[in-house]
Amino acid sequence: MSVEPYAERLIKERDELKLKTDKLTVFLDSDKIKNFNEEDLKMLRTQLIYMSSYLMILNLRIGRYEEGRV
């Protein structure tokens, strides 16, 4: 079964975002954050929340495509 071009883009975007989300999570759990002020850390944590939400939406859209509901 061939994948539609828009689905390929969704999957690529999801995979790239997952990698970035994973890296940010590891960073926020590391000792490296000691060098950041609280305001910057708050923004990074907020960024992670929004990135995770976007990742969830991409996964839902991909799931709908895979189930043939698109």
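The values are calculated or read from the model by the stated rules, or taken from the named source; none is laboratory data. Because the structure is a prediction, the values reported are computed rather than measured. Here Cβ is always computed from backbone atoms with ideal geometry, including for glycine, and neighbour counts include all displayed protein chains. Heavy atoms of the whole protein, side chains included, go into the accessibility calculation; ligands, DNA and RNA do not. Shrake-Rupley method; radii C 1.70, N 1.55, O 1.52, S 1.80 Å.
The aspartates and glutamates whose alpha-carbon is closer than 19 Å to the alpha-carbon of residue 12, local same-chain residues fewer than 8 away aside, are 4, 22, 66, 67. Taking Lys and Arg as +1 and Asp and Glu as -1, the other residues whose beta-carbon sits under 12 Å from that of residue 9 total -2. Is the chain rounded, prolate or oblate when judged by the Cα gyration tensor, a ≥ b ≥ c being the square roots of its eigenvalues, rounded requiring a/c under 1.5 and prolate requiring a/b larger than b/c? Here the chain falls in the prolate category. Solvent-accessible area of residue 18, all protein chains in place: 90 Å² (probe radius 1.4 Å, heavy atoms, ligands and nucleic acids excluded). Once both axes come from the Cα atoms, what is the angle between helix 38-66 and the longest principal axis of the chain, in degrees from 0 to 90, rounded to 10? Orientation of helix 38-66: about 10 degrees from the principal axis. Note that the chain presents 81 Å² accessible area per residue, ligands and nucleic acids not counted, probe 1.4 Å.
Stretched out straight at 0.36 nm per residue, the stretch from residue 18 to residue 69 would grow longer than its current Cα-Cα span by 16.0 nm.
Using Cα positions and a limit of under 26 Å, work out the lysines in reach of residue 32, with same-chain residues fewer than 8 apart set aside. Those lysines meeting the cut-off are 18, 20, 23, 42. The string of couplings for region 14-29 from the Karplus curve (6.51, -1.76, 1.60, θ = phi - 60°) is 4, 5, 5, 5, 4, 4, 5, 5, 4, 5, 5, 4, 4, 4, 5, 8 Hz, one whole number per residue in order, with x for Gly and Pro. Here the dipole of the chain is about 80 debye; that uses its Cα centre as origin and unit charges on the Cβ of Lys and Arg (positive) and Asp and Glu (negative).
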